[in-house]
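Down below is the structure, laid out as structure tokens.
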Ligand code: UT7
């Protein structure tokens, strides 16, 4: 089999909208600051009873419906998240059960923070190309609101909850043309959640499980790194910037997205932008953006898509896709 191809997309957003005005009432910030510095106007927040697996399940069902497949036809489920329901079972296993996938099919979580979806897509693509699976669900799902310090204005205005999914199938027709993954663990202090079961019971009770970020420093590395990965991806495929129809970027900050679009020479009309309404949904942001533009008819069969992500770890990656 020569390629894997996306045959369905789906997404889910919790119903609850949190506006910038609500955050103004909570921390020392302003709608103007948030819009100017990030582009974000609102984000969605999961209800108390909604877990990461619930969001993922809803997105996966929609992707299956578009692909005209039932869950028992899926061999592999890879779910990118850093806000799983629990330590184990993996959120992927919970979604596998919820969908009614075949007993014995493969399901696992993948942790690469905001690059989780691109990492998961890369892994699933390799499974399909080597015959380890024929059809896969690739999901990015996050409940970031659970790891936010709602009194920290430098982070609480940035993030939101959501999920996105794609169905990937073996194909003779071009689909995923290449994927490129990278990581550099040296930057832990710039972006982290200072909590983990490995730190033991006392730390667990210290309620320190929230995101901290040196935003301005992360911003500079993100812009530099995403510029490099654009070049790497196009060079690997012998393609020119002008060949790209759509940039489907990770949605952390409109200014980072604009910088990557400039690097590609793409007008913003050819960039899928959801950060305004979704905020930064980490691993969910790319499949959410992709599904938005597929369903509103902007992304058409045959279009060349460049997906790129950058996040905690640091991790970063890209995928070039003939849709
Ligand atoms: O998705 C994973 C990767 N994450 C990212 O890529 C995020 C990268 N970083 C960013 O998007 C931006 O750096 C931020 C949006 C987080 C911050 O924007 P910035 O332009 O880099 O602002 P800054 O951190 O340099 O802060 C500028 C000022 C500071 O005040 P002083 O020191 O100039 O007086 C901050 O204290 O803005 C202040 N500030 C705020 N003011 C109002 C920080 N947060 C807020 C806020 N409201 N929410």
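Could you identify the single residue in 231, 291 that is in a helix (DSSP H, G or I), assigned by TED's automatic domain parsing to the domain that holds residue 190, more than 12 Å from the ligand (Cβ to nearest atom) and in contact with a strand residue (DSSP E or B) (Cβ under 6 Å, 6 or more places away or on another chain)? Step through it out loud before you land on a result.
Working: 231 fails: in contact with a strand residue (DSSP E or B) (Cβ under 6 Å, 6 or more places away or on another chain).
The unique qualifying residue is 291.
What is the residue count in segment 128-142 for residues that are surrounded by fewer than 20 Cβ atoms within 10 Å (Cβ to Cβ) and in contact with a strand residue (DSSP E or B) (Cβ under 9 Å, 6 or more places away or on another chain)? It would help to see each step written out before you state the result.
Just the residues of segment 128-142 that are surrounded by fewer than 20 Cβ atoms within 10 Å (Cβ to Cβ), to begin with: 129-132, 134.
With in contact with a strand residue (DSSP E or B) (Cβ under 9 Å, 6 or more places away or on another chain) added as a condition, the list becomes 129, 131-132, 134.
Final tally of qualifying residues: 4.
Which residue is nearest to the ligand (Cβ to nearest atom), if the candidates are limited to segment 12-23 and must be in a helix (DSSP H, G or I) and surrounded by 14 or more Cβ atoms within 10 Å (Cβ to Cβ)?
Filtering segment 12-23 for residues that are in a helix (DSSP H, G or I) and surrounded by 14 or more Cβ atoms within 10 Å (Cβ to Cβ), the one nearest to the ligand (Cβ to nearest atom) comes out as 23.
Within the set of pairs 6+ apart or on separate chains, which have a first residue in segment 180-198 that is farther than 24 Å from residue 307 by Cα and free of Cβ contacts under 8 Å to residues at least 60 places away in the same chain, a second that is assigned to a helix (DSSP H, G or I) and within 14 Å of the ligand (Cβ to nearest atom), and C-beta atoms under 9 Å apart?
Qualifying pairs under 9 Å: 195/147.
Being over 25 Å from residue 120 (Cβ atoms) and either outside any helix (DSSP H, G or I) or modelled with pLDDT under 95 (or both) is the filter here, so list the residues in segment 234-262 that pass it.
Correct list: 238, 240.
Answer with yes or no whether residue 135 is under 17 Å from residue 169 (Cα atoms) and more than 16 Å from the ligand (Cβ to nearest atom).
Numbers: under 17 Å from residue 169 (Cα atoms): yes; more than 16 Å from the ligand (Cβ to nearest atom): yes.
Here the answer is yes, as residue 135 does meet what is asked.
Could you tell me which of the residues 43, 35, 26 is in a helix (DSSP H, G or I) and assigned by TED's automatic domain parsing to the domain that holds residue 164? Walk me through how you get there before you give the answer.
Working: 43 fails: in a helix (DSSP H, G or I); 26 fails: in a helix (DSSP H, G or I).
None of the others qualify; the one that does is 35.
Taking residue 184 as the residue in question, decide whether it is within 27 Å of residue 125 (Cβ to Cβ), more than 11 Å from the ligand (Cβ to nearest atom) and assigned by TED's automatic domain parsing to the domain that holds residue 291. Don't jump to the end; show me each part of the working.
Values: within 27 Å of residue 125 (Cβ to Cβ): yes; more than 11 Å from the ligand (Cβ to nearest atom): yes; assigned by TED's automatic domain parsing to the domain that holds residue 291: yes.
Answer is yes for this residue.
Might you check whether a residue that is out of contact with any strand residue (DSSP E or B) (no Cβ under 6 Å at 6 or more places or on another chain) and assigned to a helix (DSSP H, G or I) occurs anywhere in segment 297-309?
No: segment 297-309 contains no residue that is out of contact with any strand residue (DSSP E or B) (no Cβ under 6 Å at 6 or more places or on another chain) and assigned to a helix (DSSP H, G or I).
Go through 58, 41 for me and flag whichever is away from the ligand (no atom under 16 Å from the Cβ) and either surrounded by fewer than 20 Cβ atoms within 10 Å (Cβ to Cβ) or under 21 Å from the mean Cα position of the chain (by Cα) (or both).
Details: 41 fails: away from the ligand (no atom under 16 Å from the Cβ).
Being away from the ligand (no atom under 16 Å from the Cβ) and either surrounded by fewer than 20 Cβ atoms within 10 Å (Cβ to Cβ) or under 21 Å from the mean Cα position of the chain (by Cα) (or both) holds for just one of 58, 41, which is 58.
Please specify each residue of segment 273-282 satisfying the condition of being within 22 Å of residue 224 (Cβ to Cβ) and touching a strand residue (DSSP E or B) at 6+ places or on another chain (Cβ under 6 Å). Walk me through it before giving the result.
Going residue by residue through segment 273-282, those that are within 22 Å of residue 224 (Cβ to Cβ) are 273, 275, 280, 282.
Listed by number, the residues that qualify are 280, 282.
Go over the candidates 87, 118, 157 one by one and state the one that is touching a helix residue (DSSP H, G or I) at 6+ places or on another chain (Cβ under 7 Å), modelled with pLDDT under 95 and either more than 16 Å from the ligand (Cβ to nearest atom) or assigned by TED's automatic domain parsing to the domain that holds residue 50 (or both). If you could, list the steps in order and put the result at the bottom.
Numbers: 118 fails: modelled with pLDDT under 95; 157 fails: modelled with pLDDT under 95.
On inspection, the qualifying residue turns out to be 87.
Pick from 214, 255, 298: which is outside the structural domain of residue 125 (by TED's automatic domain parsing), surrounded by fewer than 22 Cβ atoms within 10 Å (Cβ to Cβ) and farther than 30 Å from residue 146 by Cβ? So that I can check it myself, show each step before the final result.
On the way: 214 fails: farther than 30 Å from residue 146 by Cβ; 255 fails: farther than 30 Å from residue 146 by Cβ.
So the residue among 214, 255, 298 that is outside the structural domain of residue 125 (by TED's automatic domain parsing), surrounded by fewer than 22 Cβ atoms within 10 Å (Cβ to Cβ) and farther than 30 Å from residue 146 by Cβ is 298.
Output the number of the condition that residue 145 fails; it satisfies all remaining conditions of (1) outside any loop (DSSP other than H, G, I, E, B); (2) within 22 Å of residue 171 (Cα to Cα).
So the condition that residue 145 fails would be (2).
What about residue 313, is it in contact with a strand residue (DSSP E or B) (Cβ under 9 Å, 6 or more places away or on another chain), assigned to a loop (DSSP other than H, G, I, E, B) and on the phi > 0 side of the Ramachandran plot? Outline the logic, then answer.
On the way: in contact with a strand residue (DSSP E or B) (Cβ under 9 Å, 6 or more places away or on another chain): yes; assigned to a loop (DSSP other than H, G, I, E, B): yes; on the phi > 0 side of the Ramachandran plot: yes.
Yes.
Could you run through segment 65-112 and say how many residues are touching a strand residue (DSSP E or B) at 6+ places or on another chain (Cβ under 8 Å), touching a residue at least 24 places away in the same chain (Cβ under 8 Å) and not in a helix (DSSP H, G or I)?
Residues flagged as touching a strand residue (DSSP E or B) at 6+ places or on another chain (Cβ under 8 Å), touching a residue at least 24 places away in the same chain (Cβ under 8 Å) and not in a helix (DSSP H, G or I) within segment 65-112 amount to 22.
The values are calculated or read from the model by the stated rules, or taken from the named source; none is laboratory data. Values in this document were obtained by computation on a predicted structure and should not be read as measured data. Virtual Cβ from ideal backbone geometry, glycine too; neighbours counted across all protein chains shown.
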